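Read through the structure below, which is laid out as structure tokens, and then see the notes.
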Amino acid sequence: MKPGILIISHGSRDKTWVSMVDEAVSHLTLGEELNVEASFLELVEGRLIQDGIDRLEDAGVTDIIVIPLFVSSGSTHVDEIEYALGAKAAPEKETELECFTVKAKVHYGYPVDDDPDIAVMIWDKLRGLSQHPERETILLVGHGSRHEGFRQRWQQGISSLAERVRRISGAAAADYGLLNPDSVRGKVEYWREQGHEVLVAPLFLSEGYFTKVVIPERLRGLEYAYSGQTLLPHPLLPHWIERQVKLMLEQLGEHC
């Protein structure tokens, strides 16, 4: 058996977005014997998922550990990629993503959801805005989903993550809002009515259209604090990947 690592994120035409992912991957300390490929679902020519699979298999990899670098298991992309890799028999939602050509055995990991490392990362990006935690609400804002089943997973993960951030920060309250279906504006209005300052934290991997344009537009005219800082860059993201890889390698060793 020769394991290899395939880290998959969405991708972007923004080269800075891609370079942030590459920077995080470059700081992994997994041992020289492990081949690692960072691939993207779309928009990054020559770095797509099939490209990553091919490079790993060309290097002799027999078992591919896949890390879906997405912020929620409620993402339809997490579901369709797992199916297209042959790691599950059918997608939960119809997809146009064609099945990949994979000879190696695929071991599919898990996305961010409510991991403790991620809670620390969010607070690190937000703490500079906090002045009176006893009357502050931290509002996590995620993409969300309109699809039944996926929406509930989004809600479960982000609500649990918000509570982790509240405990770390000492803020009076923490809550979440989703862009789909839209609940962000209503949540800020609610907490302002309670007399709280609202600190808005975007739950996105890298800065882009949603963090720079969509969230500010949804909250136009309201009083709130917003840094716009996303999970990357942060030294704990490589740590999150490493923990997951090491756990899956241990599981692989047990089944040898």
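The values are calculated or read from the model by the stated rules, or taken from the named source; none is laboratory data. Not measured: the values here are computed from a predicted model. Here the Cβ is made from the backbone with ideal geometry for all residues, glycine too, and neighbour counts use every protein chain on show. Remember, those area values only see protein heavy atoms, side chains included, never the ligands or the DNA or RNA. Shrake-Rupley method; radii C 1.70, N 1.55, O 1.52, S 1.80 Å.
Could you say which residue among 125, 187, 105 is of a type outside the set (Ser, Thr, Tyr) and over 25 Å from residue 228 (Cβ atoms)?
Numbers: 125 fails: over 25 Å from residue 228 (Cβ atoms); 187 fails: over 25 Å from residue 228 (Cβ atoms).
None of the others qualify; the one that does is 105.
Note on the range 89-113: residues that are open to solvent by 40 Å² or more (accessible area, probe 1.4 Å), modelled with pLDDT under 95 and closer than 29 Å to residue 253 by Cβ total 2. Cβ separations smaller than 8 Å between residues 6+ apart or across chains give no pair from the range 46-63 residues that are closer than 20 Å to residue 80 by Cα and free of Cβ contacts under 8 Å to residues at least 40 places away in the same chain to residues that are part of a helix (DSSP H, G or I) and open to solvent by 40 Å² or more (accessible area, probe 1.4 Å).
Yes/no matrix, rows are residues, columns are (1) farther than 22 Å from residue 137 by Cα; (2) assigned to a helix (DSSP H, G or I); (3) within 15 Å of the chain's Cα centre (by Cα):
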position: 179; (1), (2), (3): no, no, no
position: 201; (1), (2), (3): no, no, yes
position: 204; (1), (2), (3): no, no, yes
position: 207; (1), (2), (3): yes, no, yes
position: 221; (1), (2), (3): no, no, no
position: 230; (1), (2), (3): no, no, yes
position: 238; (1), (2), (3): yes, yes, yes
position: 244; (1), (2), (3): yes, yes, yes
position: 253; (1), (2), (3): yes, yes, no
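Residue 239 satisfies every condition listed in (1) surrounded by fewer than 19 Cβ atoms within 10 Å (Cβ to Cβ); (2) assigned by the TED database to the domain that holds residue 176; (3) within 30 Å of residue 29 (Cβ to Cβ) except (2).
Among residues of the range 70-92 that are of a type in the set (S, T, N, Q), those with a beta-carbon under 9 Å from a residue that is open to solvent by 40 Å² or more (accessible area, probe 1.4 Å) and in a helix (DSSP H, G or I) at least six positions away or on a different chain give the pairs 72/153; 73/153; 73/156; 75/153. No other residue among 159, 169 is among the small types (Gly, Ala, Ser), modelled with pLDDT of 95 or more and over 18 Å from the mean Cα position of the chain (by Cα) apart from 169.
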